[in-house]
Amino acid sequence: MASLIGNRPIMDSLIEPLTVAVLNTAAAQASSQRLACALRKLLRPGAGRLLVARNGLSEDLIEPAVATLEARGASIVTGQRLRMLLTSHERVIGLALTDRTVMLGPDDRVILALPPYEVERLLPALPVPTSFEPILNVHYRMPGLANPRFIGFTGTLAQWALIRPNHVSVTVSAADAVVDQNASDVAERIWREVVPALRGLGLDATSGRQPETRVVKEKRATIRQAAEILPQPPLQPLANLALAGDWLGSQPATIESAVMAGEQAAFILRHARGTRPLTPRDRPLKTEDAA
């Protein structure tokens, strides 16, 4: 992106913040092609809607999904790491978990919705991305606003603040420069940066009175979405196994991409005929062409 725009004022005021927000990659390395995929979707009629979880992702997305699965007879097992895939004749025949092994029948199918480094561990012959970008979030417990509100920042470490009724969450994407710094120091710096904006919304915020704080660091939050050809595995590496995850295909690595990848994995296995590996470009290219 940086090589396309050059040294212009719009780089600092719009392009860099937009690129980092969408791709979690600095504009100096970020892929203009991946950013274009997101912008095309935003420019479709009726597409420019900002959807925010009213109560949070757990209450509004995860818990209803789990309840729906359990109502249909699914068993949700947590705290179990998939240690190994047992395979035979290009098929998965068993799942070796932390304390048990689940053997599969001839009609059973598997979707691996895992980050690339876990896919590489389980299926080392597959090509996967190996470079990642961190995200740092700081949550401040304080009275907020009745309705969720986003604030964007430029020229500060803080990039986005989401204001909820009982807390304020600040996001720093592509956070290589600060992810290894002391959490308390980073939280204090960001608090000083966001206080003027919070006060402008009528909130009780002062620089010298920082509320209860929680810092969350995810060092491999997304793949590094650089302007290069990223390694991509076949979506159906085994006859009864498909891959899913936000890192597959040419779309930005977001929740939307994860949903699309999951739908595609289910479609592949539902219509699987034989063992032909499918490339992860099939559906994303169709989506781009339609846009």
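Below is a table of values for the structure above.
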quantity: Sole exception among (1) open to solvent by 50 Å² or more (accessible area, probe 1.4 Å); (2) touching a Leu at 6+ places or on another chain (Cβ under 7 Å); (3) in contact (Cβ under 8 Å) with a residue 60 or more places away in the chain for K41, by number; calculated: (2)
quantity: Residue within the range 8-23 that is outside any helix (DSSP H, G or I) and under 19 Å from the mean Cα position of the chain (by Cα) present; calculated: no
quantity: Candidates L51, L4 - the one that is open to solvent by 30 Å² or more (accessible area, probe 1.4 Å), modelled with pLDDT under 90, closer than 22 Å to A161 by Cα and not charged (D, E, K, R); calculated: L51
quantity: Test: residue in the range 14-24 that is of a type in the set (S, T, N, Q) and either surrounded by 11 or more Cβ atoms within 10 Å (Cβ to Cβ) or in contact (Cβ under 8 Å) with a residue 24 or more places away in the chain (or both); calculated: yes
quantity: One residue from R8, R54, R100 being of a type outside the set (A, V, I, L, M, F, W, C) and under 30 Å from A242 (Cβ atoms); calculated: R100
quantity: A242 vs. criteria open to solvent by 10 Å² or more (accessible area, probe 1.4 Å) and not in a helix (DSSP H, G or I); calculated: no
quantity: Scan of the range 87-106 for residues that are part of a strand (DSSP E or B) and surrounded by 13 or more Cβ atoms within 10 Å (Cβ to Cβ), ordered by number; calculated: T87, R91, V92, I93, G94, L95, A96, V102
quantity: Sole residue being modelled with pLDDT of 95 or more, open to solvent by 40 Å² or more (accessible area, probe 1.4 Å) and over 22 Å from P124 (Cβ atoms), chosen from E256, E263; calculated: E263
quantity: Search result, residues across the range 54-86 that are of a type in the set (G, A, S), open to solvent by less than 90 Å² (accessible area, probe 1.4 Å) and part of a loop (DSSP other than H, G, I, E, B); calculated: G56, G73, A74, G79
quantity: Residue within the range 269-288 that is within 26 Å of the chain's Cα centre (by Cα) and at pLDDT 95 or above present; calculated: yes
quantity: Residues of the range 202-224 satisfying the condition of being open to solvent by 60 Å² or more (accessible area, probe 1.4 Å), closer than 17 Å to D185 by Cβ, in contact with a strand residue (DSSP E or B) (Cβ under 8 Å, 6 or more places away or on another chain) and in a loop (DSSP other than H, G, I, E, B); calculated: Q210, E212
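The values are calculated or read from the model by the stated rules, or taken from the named source; none is laboratory data. Just so it is clear, the model here is predicted, and its values are computed rather than measured. Ideal geometry is used to build each Cβ from the backbone, glycine not excepted, and the neighbour counts take in all protein chains shown. Areas reflect the complete protein model, heavy atoms only, side chains present, ligands, DNA and RNA absent. Shrake-Rupley method; radii C 1.70, N 1.55, O 1.52, S 1.80 Å.
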